[in-house]
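Working notes, structure below.
The values are calculated or read from the model by the stated rules, or taken from the named source; none is laboratory data. What you see is a predicted model, and the numbers here were worked out from it, not measured in a lab. Don't worry about glycine lacking a Cβ; one is built from the backbone with ideal geometry, like all the others, and counts go over all protein chains shown.
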Amino acid sequence: MKQAILDGIDWESIPWRTSPVLFKRLKEEIVRLKDEGRVLMRFNELRESLQLQMSGEDGRFTDNELKAVVGLLAGPGAVWELKFGSWVLLQPERINAYAQAVIGTLRQDKCERGCIPEEKVLSGDLTYQSSSERLPVDEERIVLLAMHQLLVEQALCLREHTPEGTQLIFPSYYRRERPELTGEPATQVSYRFHGFLDDIYATLVVRLHYDPMTVNDELWRYAADFRTLTGKQLA
């Protein structure tokens, strides 16, 4: 059976894919820079550094060849070419470390609203673990911007403009549970929405929280109590 399967395959029609020796050398040199502790390099800086390290025929490569190698390394997450400023991030794991700091900051909110000012994230004003080593200011600014872009593009958070500034909303971290009600409200109103309920609810609560016409009383995971400026309750 095995031989019959092998004989039935048209081996000649299967395309061959090989990795040129140049690609292997480029990958080795980029990984070496990563292992040396380099975090960020502009594409032109990376190209010039590789040309200095690689002599002879190996040092002759085009920008397209280098981009192809960076793309190959981006697959397993070894490096990441950012979408702005021609930056190449040699240590993408740094984004994970700063994302953990964002989560730590969210968890410190006593109201557990699951939101944080965007400016606070971009400036690095976060709660870091004692073992976390922060990058120099210039590099940290680029990594924070890349992390912010990733969080928004992957819909891990929502951007909501409020009178207090733009907020980043993380619906999955809105966790405060409401106790059982002791009485029913005098008036009950229901609405219908189309979309992802968690996102809609978290956005609505954050918007009401920062609305100058309302005062928040208590915030919960699946409910929120607000009051008008005249003291009337909105639940």
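Assorted remarks:
- Leading residue by the ranking (modelled with the highest pLDDT) among those in the range 101-140 that are in a loop (DSSP other than H, G, I, E, B) and polar (S, T, N, Q): SER123
- The residues in the range 36-51 that are free of Cβ contacts under 8 Å to residues at least 24 places away in the same chain and surrounded by 10 or more Cβ atoms within 10 Å (Cβ to Cβ) can be counted, and the count is 5.
- Selection within the range 81-100 - without any contact (Cβ under 8 Å) to a residue 24 or more places away in the chain and closer than 16 Å to ARG38 by Cβ: PRO92, GLU93
- Evaluated against (1) modelled with pLDDT of 75 or more; (2) under 21 Å from LEU106 (Cβ atoms), SER190 falls short on exactly one condition, (2).
- Residue match in the range 141-154 (condition: of a type in the set (A, V, I, L, M, F, W, C), at pLDDT 80 or above, touching a strand residue (DSSP E or B) at 6+ places or on another chain (Cβ under 9 Å) and loosely packed, with under 11 Cβ neighbours inside 10 Å): no
- Failed criterion for VAL121 (all others in (1) among the β-branched types (Val, Ile, Thr); (2) touching a His at 6+ places or on another chain (Cβ under 7 Å); (3) not assigned by TED's automatic domain parsing to the domain that holds ALA97 hold): (3)
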